[in-house]
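Everything on this sheet refers to the single structure shown next.
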Amino acid sequence: MDARDGAQTVETAAEDFAATVAHWREVRGLPKRELARRMGFDPSYVSHMESGRHKPTEDFARRAEETLGAGKAIWKCWLDYEAAKSGTVPAAAVPAPRRTEQPYATGSAIVVEHDDARLDYDGRLYRLTMRRLLRNTGSEPITRYLIRISVDRYPGEPERSNAHYREHPLTWDELALTATCRGEAMQWQTKHDRDAFKEVWLAFENGEGRFPLYPGESVWIEYAYSVGDEKWGRWFQRAVRLPTEHLAVELAFPAELDPVVWGTETSMTAEAAPLRTAPIRRDENGMRVFAWSTPTPALHARYRLEWRFRARPEHDINQREFR
């Protein structure tokens with residue numbers, strides 16, 4: 001391995017560490033400021049760590065692991081980072097240049113006019129379809145958009161979940177990710193690929209041409225992916241990372257399963273509390289659909305919907321996993 005390859009490995013390991021911390025912080029429903037408070041750091045420190053401006057440290061890894069209860073996932077990333085560093089030649093190492101982020105990464109360019117999610121379940125497979133109306137309020141064309149795919153089969157049991165996904169990781173083949181904009185397929189590029197957590201750049205281009213989102217324009221994008229119920233826990237969370245004017249969620253389950261749905265909201269200043277309005281239920285074509293929306297989603301809030309099937313207890317799924 002030459003020095004440049006070693007530097008790139010260290011950079012990748014640092015990015016994986018940051019992504020894993022962000023993943024577990026979101027699983028726990030904690031804003032960055034609150035996590036920093038619980039860990040005993042300055043409020044900006046977690047933000048700098050997740051953005052890559054600070055490199056991983058042993059102290060941060062230990063405190064994050066303990067505070068988030070990540071089942072040693074964060075600690076493993078720290079060990080990977082240390083192993084990557086030990087394989088470099090410090091005197092000759094040249095850090096790989098970081099790719100410039102889109103302006104919206106700082107919250108300055110994109111507004112989400114509508115955020116619509118629909119989760120369909122057929123008894124074995126979940127298919128999530130996301131539709132977003134994006135408006136470019138910045139001064140430069142936007143050429144890509146970051147999405148996240150995150151699952152947790154056993155919320156509240158991080159070691160069990162981590163072991164589960166190490167043995168049965170999410171794969172790109174099963175996800176069958178598709179994305180479109182203006183009737184055109186969007187190319188995509190992996191940013192982070194971990195067992196239960198993926199980050200993907202959707203590009204406003206394909207093999208036939210480019211279609212950037214120019215300043216002042218609005219455009220719908222749609223993307224979808226599938227996850228089997230042996231890997232998808234019975235919850236779905238929407239995290240508001242960009243200024244959003246309207247957020248809506250629909251959950252569609254077979255009526256024969258007799259589903260029930262409830263939800264919670266977590267903000268920057270408050271722990272989880274019941275949703276302010278109840279999901280609305282309707283039946284259509286053998287499916288029971290639960291719809292919930294808010295016209296004023298708070299920035300950095302997390303809206304979490306959970307469910308159970310009264311006609312099929314949870315252990316029924318566990319017993320058939322990976323048979």
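Rule-based calculations on the coordinates, nothing more; no lab input. In this text the structure is predicted, and so the values were computed from the model without any measurement. Ideal geometry is used to build each Cβ from the backbone, glycine not excepted, and the neighbour counts take in all protein chains shown.
Evaluating 6.51 cos²θ - 1.76 cosθ + 1.60 at θ = phi - 60° for every residue in segment 113-127, the Karplus couplings come out as 6, 9, 10, 10, 10, 10, 10, 10, 10, 9, x, 9, 10, 9, 10 Hz, glycine and proline recorded as x. Multiplying the residue separation of Thr269 and Ala255 by 0.36 nm and removing their Cα-Cα distance gives an extension gain of 1.3 nm.
Mind running the shape call on segment 171-253? Use the C-alpha gyration tensor, a ≥ b ≥ c as the square roots of the eigenvalues: rounded below 1.5 for a/c, prolate if a/b tops b/c, oblate otherwise.
Cα axes put segment 171-253 in the oblate bin.
This model, with +1 at the C-beta of Lys and Arg and -1 at the C-beta of Asp and Glu, gives the chain a dipole about its Cα centre of some 560 debye.
Could you tell me which residue out of Ala83, Trp24, Ala14 lies farthest along the dipole of the chain toward its positive end? Charges go on the beta carbon: Lys and Arg +1, Asp and Glu -1, centred on the Cα centre. So the residue we want is Trp24.
The value of relative contact order for the chain, using C-alpha pairs under 8 Å at least six residues apart, is 17 percent. Set the Cα radius of gyration of the chain against 2.2 N^0.38 Å, with N its number of residues, and you get 1.03. When the chain is treated as a Gaussian network with alpha carbon springs shorter than 10 Å, the biggest mean-square fluctuation among Ser51, Ser293, Ser86 belongs to Ser86. Asp258 sits among other residues whose Cβ lies under 12 Å from its own Cβ, and their net charge, with Lys and Arg +1 and Asp and Glu -1, is +3.
Just check segment 3-86 against the gyration tensor rule for me: Cα atoms, a ≥ b ≥ c as the square roots of the eigenvalues, rounded for a/c under 1.5, and otherwise prolate or oblate depending on whether a/b exceeds b/c. Taking the square roots of the gyration eigenvalues as a ≥ b ≥ c, segment 3-86 is prolate.
The residue list Ala270, Asn162, Pro313 was ranked by how far each Cα lies along the charge dipole of the chain toward its positive end, using unit charges on Cβ atoms, and Ala270 comes out on top. Amide H contacts under 5 Å for Trp188: Ala203, restricted to partners 5 or more places along the chain or on a different chain, H placed in the peptide plane at 1.01 Å from N.
Taking other residues whose beta carbon is less than 9 angstrom from the beta carbon of Glu113, and scoring Lys, Arg as +1 and Asp, Glu as -1, yields 0. Charge tally for Arg166 (other residues, Cβ to Cβ under 13 Å; Lys, Arg +1; Asp, Glu -1): +3.
Considering helices alone, the calculated mean residue ellipticity of the chain at 222 nm is -8000 deg cm²/dmol, with DSSP H runs of length four and up weighted by -39500 (n - 2.57) and normalised per residue. Using the Karplus relation 6.51 cos²θ - 1.76 cosθ + 1.60 with θ = phi - 60°, the per-residue 3J(HN,Hα) values for segment 19-26 come to 5, 5, 4, 4, 4, 6, 4, 6 Hz, with x marking Gly and Pro. Under 25 Å Cα-Cα from Lys85, which lysines qualify once same-chain neighbours fewer than 8 residues away are excluded? The reachable lysines, counting only those whose Cα sits under 25 Å from Lys85, are Lys55, Lys72, Lys76, Lys191, Lys198.
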